[in-house]
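The values are calculated or read from the model by the stated rules, or taken from the named source; none is laboratory data. None of these values were measured; they are calculated from a predicted model. Neighbour counts are summed over all protein chains in view; Cβ atoms, including those assigned to glycine, are modelled from backbone coordinates with ideal geometry. Surface accessibility is based on the protein's heavy atoms, side chains included, excluding ligands, DNA and RNA. Shrake-Rupley method; radii C 1.70, N 1.55, O 1.52, S 1.80 Å.
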Amino acid sequence: MGIPVFILAGLLVHVVFLASIFDIYFSSPLVHGMTPQQTPLPPPARRLVLFVADGLRADSLFELNSNNTPQAPYLRAILENNGSWGISHTRVPTESRPGHVALIAGFYEDVSAVAKGWKENPVEFDSVFNESKYTWSWGSPDILPMFAKGATGDHVYTFCYTAESEDFGAQDAAELDTWVFDHVKSFFNSSRSNQTLFSALNEEKVVLFLHLLGIDTNGHAHRPYSKEYKENIRKVDEGVKEVVSVLESFYGNDGKTAYILTSDHGMTDWGSHGAGHPSETLTPLIAWGAGVNYPQKVTSQLFEDNFLKGISRSFNYVKMRMLLFAQADIAPLMASLIGVPFPLNSVGTLPLEYLNNTDHFKAESMFTNAVQVLEQFKVTKHMVKKKNVSLNNNYCCTCFIYLKNCKFHLMCVVFSFFYRSTLTVGLLVFAGWPVITQLWVQAKRTTLIWTLLCVLLAVFPLMPVVGRESNIPLVIAAGLTTLLISCFSLASFSRGEYKYQSKEDLKVYLYQMFSIALSTYVVSSTHNSLKNKQGLPIFNQIISWMTLAFSSALPLLSPTLLFQRLFSILLSLMATYLLLSTGYEALFPLVLSGLLLAWIQMEQEALQHYGLSLKPKLAVFNFAYATDITQFRQLHLDDIRRSFFFVFFIVTAFFGTGNIASVNSFDPASVYCFLTVFSPFMMGGLLLLKVVIPFVLVSCAFEAVQVTTQLSSKSLFLIVLVISDIMALVSCFSQLFLLGKFAFSVLSPPCSISHYVLVMSLTIFMMLMNGLAQLLTTKRLELSRRTKHHST
């Protein structure tokens, strides 16, 4: 049957609204046409060396070891005797590309770059590298090329290792940094026999950039408090010492080299980054050499930030002044030290405390910095006048009024976007639904199962966000539990009215159970191998991809009887979900599926309770014969409640085990059974699949509810559409008025536009899920079977 025109029109409207948010917030904020600004006085340094230790936390660098010795003794000696040091504040998203753009270009990343995996430049921008006379860089292929691509002329040179080297399962990720240090030393040694290169290296306004990815990789793989992470810091400290020695020897200790060591972002205790926790946004900076101030002794320092207070305890005995500044301020500092124009799009403020120069030089530098920022303001003002942009917020008052009249249950769903524990409250209310409606009188056993499963599922939103702590034994337990449930289910299917129709059907279930067992083994084997630093076994990788490829088709080979088809769908999805699990979330689909099956039963009881229909036998209900339009009934008030249950279960599937809307929630360990080499799009695709699996379970259950209650799916879809639109309004205005967050910002996706995108995507997404659920439940692939021939 075709889709009604008004549904297509409504879908189109929602697509337009969804696209609008990307047009507004994911278009480039950069302006062009400014005049370069450069300090007229001679700079203190002829060259700059920038070390960026990717993923290095501020506290991890400055803390002492268990024996009260410095974690990085060479760098500790620098900040005590030779240079200035401090803490820089990054902005979210705390990812590698945005951090490097802030450091080197002086502005906070153009958000449209997220669509290209933070690798390419949607809009070209200026940088310190571009303004230099020559820049040589060594490190990751994910970072270096974007600065060479945006440079004018041919003066930014990159030396990268292969992308396959960025392996989270490698024996020692510190080898990435060793590669950089070795190649830098080899480069300078070989330059002595290359006159052209030797002359270029002795020019002024030269930048040497060393990108060190090992710390970040070890942090993801082993967590920041691991011995691997700390040992990598020690190796970086030794490598910096060796490179400085080589450079000073090469340049004859001329005192014209400035050095800066910093990080693009930090890392959480559980090895992720992307959000705005202080462990992610606070990064170290140590500067020394030509033009850099010497250490300033202080008796004590006061910090308002609790995280900074914790950091300060580890180096309080040093009694050297710690400077606080924004990450984008480092770009104008580098430009000032070597005398190149400030990057055109920089929003950084020159940190004068780092400069060891005359007051005249400092004043000229600050003036140049101010004029450079003013140039951007002038261009932006001209563009705004030209477009004649005007804003009208009059509509805000009228939805706010509507918001005050919203029901508790709808507010419960919306507030789950901000507080996961709200889902627990909603599930506990659901547990009491049969008692409130007196359904428990006619279905005591089903009511008891419903209540227990609601309470059990209510525990998950109270658990820590997935990815903080790996717990492989729980994943194994989930696999074994699935096998146990499968055995009982197959036993029930072999009796009476459940009986499967042929041995071929039994083979499908047995193969799916074998896939579950194999997935459980692969998870255990893979993580043991990675723990022993033996990498991802190729056999496990092949099995994982084969399971992913074939699991989606297996349900189509099973019978279309209601419980047998839903059981087959669960087994197929669980085989893949286990491979993507690292902890307690592996149990989530099992509990959710149990509750959804109880929901199907409860809806049958409700249908009979209200006298809308006789109670059909679900055991013999067949999806394939449930599309007869003559059997559909009219909408009833209780159908609004059914639609709300569906929306609530969809939101629970999304937020039940974490805030998937946050970059911070992503743990690379989730995809280690499939790949360990860094690949943002591939890893992101697998993460999306993990998010979708619970949605598919909910959608298939909702399809069962629709057909067993004899209601057209289009009718319920219209109710769901209305509910999702109300949620969009409630989400926006609860943020504006109730939570005090008036401005939407891409810089904090879990708290702003991601909520708008989420609720506006609900209609589109549920439409797609509805189609997929119909395919998975009603269609069956008939394999060729041998027929028996009888002789006459």
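List of remarks:
- Filtered residues of region 342-372 (kept if among the charged types (D, E, K, R) and in contact with a Pro (Cβ under 8 Å, 6 or more places away or on another chain)): Glu364
- Flag if Val206 is closer than 27 Å to Phe129 by Cα and out of contact with any Leu (no Cβ under 7 Å at 6 or more places or on another chain): yes
- Count of region 216-235 residues which are more than 19 Å from Pro73 (Cα to Cα) and charged (D, E, K, R): 2
- Subset tally (residues that are aromatic (Phe, Trp, Tyr) and closer than 14 Å to Ala586 by Cα) for region 447-485: 1
- The residue pairs whose first member lies in region 501-517 and is over 16 Å from Ala575 (Cα atoms), whose second member is among the aliphatic types (A, V, I, L, M) and open to solvent by less than 30 Å² (accessible area, probe 1.4 Å), and whose beta carbons are closer than 8 Å, counting only pairs six or more residues apart or on different chains, are Leu506/Leu490.
- Selection of region 157-177 for residues being open to solvent by less than 20 Å² (accessible area, probe 1.4 Å) and either modelled with pLDDT of 90 or more or more than 20 Å from Ile233 (Cβ to Cβ) (or both) yields Tyr161, Gly169, Ala174, Leu176, Asp177.
- Screening region 39-81 for residues that are surrounded by fewer than 16 Cβ atoms within 10 Å (Cβ to Cβ) and within 28 Å of Trp138 (Cβ to Cβ) and picking the one that is nearest to the chain's Cα centre (by Cα) gives Pro73.
- Between Val184, Val123, Val180, the distinction of being modelled with pLDDT under 90, under 23 Å from Leu103 (Cα atoms) and either open to solvent by 10 Å² or more (accessible area, probe 1.4 Å) or in a helix (DSSP H, G or I) (or both) belongs to Val123 only.
- Of all the residues in region 51-68, those that are in a loop (DSSP other than H, G, I, E, B) and in contact with a helix residue (DSSP H, G or I) (Cβ under 9 Å, 6 or more places away or on another chain) number 6.
- Exclusive hit being open to solvent by 20 Å² or more (accessible area, probe 1.4 Å), over 30 Å from Glu63 (Cβ atoms) and aromatic (Phe, Trp, Tyr), set Phe342, Phe361, Phe367: Phe367
- Filtering Phe681, Phe733, Phe702 for residues that are part of a helix (DSSP H, G or I), modelled with pLDDT of 80 or more, closer than 25 Å to Leu423 by Cα and not acidic (Asp, Glu) leaves a single hit, Phe702.
- Filter result for the condition that a residue is more than 30 Å from Tyr251 (Cα to Cα), in a loop (DSSP other than H, G, I, E, B) and at pLDDT below 75, over Ile24, Ile3: Ile3
- Which numbered condition Tyr108 fails, given (1) open to solvent by 10 Å² or more (accessible area, probe 1.4 Å); (2) at pLDDT 90 or above; (3) over 18 Å from Leu56 (Cβ atoms): (2)
- Matching residues, region 82-105, being open to solvent by 10 Å² or more (accessible area, probe 1.4 Å) and outside any helix (DSSP H, G or I): Asn82, His89, Thr90, Arg91, Val92, Pro93, Glu95
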